[in-house]
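Colleague: Next up is a structure, given as C-alpha cells.
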Amino acid sequence: MPFFWIFKTSLSPRAQLFKDPPVYIPHVTFDNFTELADQVPLLKYTRNSLIFAGATAALSVAFAFTAAYAFARIPVPGRNFLLWLFILSMSLPEIATIIPLYRLLSNINMLDSRTGLTLIMTSVLIPFTVWVLIAFIQQVPYDIEEAAIIDGANLFKILWYIMVPLTSPALATMFVINFINAWNNLLYPLAFSGTAKSKTLSVAITEIYQARAPWGRPWNLVSTLGVVMVVPVIILVMFSQKAIVRA
C-alpha cells in the first residue's frame with residue numbers, strides 16, 4: 001500500500017492530492033517529474049548515486065571478502081579481539097564521526113568528491129560485511145583448498161577459482177545490501193558534499209523547496225523523488241533474486 005500510494009502521488013496532478021474522498025485512479029501526468037528535474041539536477045544526482053553506491057558496494061565486498069578469508073582460515077593472534085573491535089565500530093553512531101571524518105577528508109583534499117564519499121562509506125560497511133562473509137567461508141570444506149594446494153594452486157587462484165564461485169551467492173547478497181545502504185545514505189553526502197558534482201539523490205530531498213500552497217509541503221515532488229530512488233533498487237533486487245535465495 002505505501003508503494004502504491006507513492007507511485008500514485010508521483011503520477012497525480014497536484015489538485016488531486018488532497019481530494020476527499022481520495023482519488024485512487026488519478027489522471028496520469030508526468031508534470032511532477034518535469035518539475036522535480038527543474039528544481040534539482042536530477043540526472044547528475046542519479047549518476048552520482050549510481051557511481052557512489054556501485055563503487056561502495058563493490059569495494060566493500062572485495063575488501064571484506066579478503067579480510068573474512070583471513071579471519072576464517074589463518075590463525076592470527078588476537079583474531080577474536082579484532083572481530084570484537086569490528087562490532088564496536090558498527091555500534092558507533094554515524095553522527096559521532098562527522099567532525100573527524102570531515103577534517104580527514106579536508107586534509108586529503110577529498111571533500112565534495114565522489115571518491116571521498118565512497119571511501120568513507122566503504123569503511124563503514126566493511127565490518128558488517130566481514131562478519132557475514134566469515135560464516136559463509138567457514139562453511140566451505142578446507143579439504144577443497146588443500147587439494148588445490150597439492151595441485152600447485154597459490155592463494156590468488158584459491159580465492160578466485162574456488163572461494164569466489166562457492167561463496168558467490170553470499171557475495172551477491174552482500175553487494176545488494178551494501179548498494180542499498182549506500183544508495184539510501186543521507187548523512188555523509190549531506191555533510192561532505194557541497195556542490196552538484198558529488199551530491200546524491202538522497203540529498204535532493206532536502207533541496208525541494210516548499211511551494212506556496214494550502215497543503216504546505218510539495219508531497220507530489222517528495223513522492224516523485226521516492227519513485228526515482230526506489231525503482232533502481234527494485235530492478236537490482238529482481239536481477240539478484242536467484243543469488244539472494246541461494247544464499
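The values are calculated or read from the model by the stated rules, or taken from the named source; none is laboratory data. For clarity, every value in this text was computed on a predicted model and none was experimentally measured. Every residue, glycine among them, receives a Cβ derived from its backbone with ideal geometry; neighbour counts consider all protein chains shown. Keep in mind that these areas ignore ligands, DNA and RNA; they rest on the heavy atoms of the full protein, side chains included. Shrake-Rupley method; radii C 1.70, N 1.55, O 1.52, S 1.80 Å.
Colleague: In the set R79, R114, R103, which member is at pLDDT below 90 and either surrounded by fewer than 18 Cβ atoms within 10 Å (Cβ to Cβ) or not β-branched (V, I, T) (or both)?
Modeller: The unique qualifying residue is R79.
Colleague: On the given criteria, is S123 more than 30 Å from L166 (Cα to Cα) and of a type outside the set (V, I, T)?
Modeller: Taking the combined requirement at face value, the residue does not satisfy it.
Colleague: Next up: Does any residue in the range 161-175 that is under 19 Å from I234 (Cα atoms) and among the β-branched types (V, I, T) come within less than 6 Å, Cβ to Cβ, of a residue that is open to solvent by 40 Å² or more (accessible area, probe 1.4 Å) and in a helix (DSSP H, G or I) six or more places away or on a different chain, and which pairs are these?
Modeller: Correct list of pairs: T173/I244.
Colleague: For the range 197-233, how many residues meet the condition of being at pLDDT below 90 and either farther than 16 Å from F33 by Cα or surrounded by fewer than 13 Cβ atoms within 10 Å (Cβ to Cβ) (or both)?
Modeller: Summing the residues that are at pLDDT below 90 and either farther than 16 Å from F33 by Cα or surrounded by fewer than 13 Cβ atoms within 10 Å (Cβ to Cβ) (or both) in the range 197-233 gives 9.
Colleague: Also: Any chance you could count how many residues in the range 14-70 are of a type in the set (F, W, Y) and closer than 30 Å to P165 by Cα?
Modeller: 4
Colleague: Given A72, A67, A57, which one is within 30 Å of T224 (Cα to Cα), in contact with a helix residue (DSSP H, G or I) (Cβ under 9 Å, 6 or more places away or on another chain) and small (G, A, S)?
Modeller: Exactly one of A72, A67, A57 is within 30 Å of T224 (Cα to Cα), in contact with a helix residue (DSSP H, G or I) (Cβ under 9 Å, 6 or more places away or on another chain) and small (G, A, S), namely A57.
Colleague: If you don't mind, another one. Which is in a helix (DSSP H, G or I) and in contact (Cβ under 8 Å) with a residue 24 or more places away in the chain, of L59, L82?
Modeller: L59
Colleague: May I pose another question? What pairs can you find where one residue is in the range 118-139 and of a type in the set (F, W, Y), the other is in a helix (DSSP H, G or I) and open to solvent by less than 60 Å² (accessible area, probe 1.4 Å), and their Cβ atoms are less than 6 Å apart, with a gap of 6+ or different chains?
Modeller: Every condition considered, the pairs that remain are F136/A170.
Colleague: Starting from the range 182-197, take each residue that is under 18 Å from T97 (Cα atoms) and list its partners that are buried (at least 22 other Cβ atoms within 10 Å of the Cβ) and among the basic types (K, R), counting only C-beta distances under 8 angstrom and pairs at least six apart or across chains.
Modeller: These pairs meet every condition: P189/K199; S193/K199.
Colleague: Right, here's the next one. For the range 14-27, enumerate the residues that are in a loop (DSSP other than H, G, I, E, B) and within 14 Å of P218 (Cα to Cα).
Modeller: L17, F18
Colleague: Another question, then. Are any of the residues in the range 28-42 open to solvent by 70 Å² or more (accessible area, probe 1.4 Å), outside any helix (DSSP H, G or I), more than 30 Å from L85 (Cβ to Cβ) and of a type outside the set (A, V, I, L, M, F, W, C)?
Modeller: The answer is no; no qualifying residue exists.
Colleague: Next question. Collect the residues in the range 185-194 that are open to solvent by 30 Å² or more (accessible area, probe 1.4 Å) and closer than 17 Å to P93 by Cβ, keeping them in residue-number order.
Modeller: L186, L187, L190, A191
Colleague: Another question about this same structure. Assess whether L50 counts as being open to solvent by 50 Å² or more (accessible area, probe 1.4 Å), under 16 Å from G226 (Cα atoms) and either free of Cβ contacts under 8 Å to residues at least 40 places away in the same chain or not in a loop (DSSP other than H, G, I, E, B) (or both).
Modeller: yes
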